[in-house]
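No value in this document is a laboratory result; all are computed from the given coordinates. Bear in mind the structure is a predicted one, so any value in this text is a computation, not a measurement. Every residue, glycine as well, gets a Cβ built from its backbone with ideal geometry; the counts of neighbours run over all protein chains shown.
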Amino acid sequence: MNAPLYNKDILRLAASIPHHQRLADPQATVEKRSPTCGSRVTADVRMEAGRVADLGLDVKACALGQASAALMAAQAIGMSAEELTEARDKLTDYLSGRSDNLDFWPGLAVLAPARGYPARHASIRLGFEAIAEAARMADA
């Protein structure tokens, strides 16, 4: 916990969330909210051939939640629901201390300082949870 919780890389990510516009015709929409802080992420997804073809987000979260959603959204297009669910689960394992691996998703190392702040974990997971669930619903 020597690194600052909010640094310029996190703030830069928070200000540049890709796909930060809701879809007009999603196949599935999922909203996730953190009961701890009230952060919220809504994900709209369209799938083609079992892969995310289009994504739209509405993110109302702290900088950590925004940064995490930005990292997820930057890589989600072209991924399957299974791959997104696996990434969600690995993020949860990392934050809870069950794993030390962050290599499963590009850029997540920027969020490493937040691991020691459990009250922030729910917000960090929101983007991963919403996109993975929406992809799973759209693919069903």
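Assign unit charges at the C-beta atoms only (+1 for Lys and Arg, -1 for Asp and Glu), then state the dipole size of the chain relative to its Cα centre in Debye, rounded to the nearest 20. Don't skip to the end; give the middle numbers.
Values: 16 positive and 17 negative charges, 123 e Å.
My answer is approximately 580 debye.
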**Prompt:** Extension gain Asp89-Asp103, at 0.36 nm per residue separation less the Cα-Cα distance, in nm?
**Reply:** 3.7 nm
**Request:** Bin width 5 Å, alpha-carbon pairs only: give the P(r) of region 1-53 as whole percents, running from 0 to the bin holding the largest distance.
**Result:** 4, 14, 16, 19, 19, 13, 9, 4, 2
**Prompt:** Roughly how tilted is helix 121-139, in degrees to the nearest 10 and between 0 and 90, from the longest Cα axis of the chain?
**Reply:** 20
**Complete:** For the chain, the longest principal axis of the Cα atoms and the Cα long axis of helix 81-96 enclose an angle in degrees, to the nearest 10, of 20
**Complete:** In whole Å, largest first, the alpha carbons of the chain cover along the principal axes 44, 26, 25
**Complete:** Within the under-15-Å Cβ sphere about Ala14, not counting Ala14, Lys/Arg +1 and Asp/Glu -1 give a net charge of +3
**Message:** Cut-off is 10 Å between beta-carbons; in what order do Val45, Val59 appear when sorted fewest neighbours first?
**Reply:** Val59, Val45
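Going by how many other Cβ atoms sit within 10 Å of their own, how do Leu111, Leu95 line up, fewest first? Write down the numbers at each step before the final one.
Values: Leu111 24, Leu95 20.
Least crowded to most crowded, the residues run Leu95, Leu111.
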